[in-house]
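Peer 1: What follows is a single structure, and I will ask about it in a moment.
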Amino acid sequence: MKIYVLQPNSNANVYIIKSKDDVEYLYKKFNREKEVYSSRINNPPFDFEKISKKYDGLQLKNNKLLDGWDVESTLWFNWSFKSVEKIPRKDCYIDNED
């Protein structure tokens, strides 16, 4: 496992999901055909390719808003970093070795 600390550029355009209104915006602007998706995170209702044309990243702040996406995180579509630092394995706590 490799672990990195990413420092985004100050002008990185990241859409932040904090509320139901934020999710509704994504459904309205970047939805996929209903026949194409399920509620599972591995087949989400959003068209990430379309989102990537407008935003550099998609950040989930409220993990109760999307099924299957259960931890606060950022999905990066475009390289938008001023620095990337690899963290040595000896400095990381990893509870499994998978």
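The values are calculated or read from the model by the stated rules, or taken from the named source; none is laboratory data. Keep in mind it's a predicted model, so treat the numbers as computed, not measured. Don't worry about glycine lacking a Cβ; one is built from the backbone with ideal geometry, like all the others, and counts go over all protein chains shown.
Peer 1: Across region 46-98, which residue is nearest to ASN9 (Cα to Cα) among those that are of a type in the set (Asp, Glu), assigned to a loop (DSSP other than H, G, I, E, B) and at pLDDT below 90? If you could, list the steps in order and put the result at the bottom.
Peer 2: Our first condition is that a residue be of a type in the set (Asp, Glu); within region 46-98, this holds for 47, 49, 56, 67, 70, 72, 85, 91, 95, 97-98.
Retained after the next criterion (residues that are assigned to a loop (DSSP other than H, G, I, E, B)): 47, 56, 67, 70, 72, 95, 97-98.
Those left that are additionally at pLDDT below 90: 47, 67, 70, 72, 95, 97-98.
On the way: ASP47: 24, ASP67: 29, ASP70: 26, GLU72: 20, ASP95: 31, GLU97: 32, ASP98: 31 Å.
The extreme case among them is GLU72.
Peer 1: Quick one: would you say ASN43 is modelled with pLDDT of 90 or more, surrounded by fewer than 14 Cβ atoms within 10 Å (Cβ to Cβ) and touching a helix residue (DSSP H, G or I) at 6+ places or on another chain (Cβ under 9 Å)? Let's see the steps before the verdict.
Peer 2: Values: modelled with pLDDT of 90 or more: no; surrounded by fewer than 14 Cβ atoms within 10 Å (Cβ to Cβ): yes; touching a helix residue (DSSP H, G or I) at 6+ places or on another chain (Cβ under 9 Å): yes.
So ASN43 fails the test.
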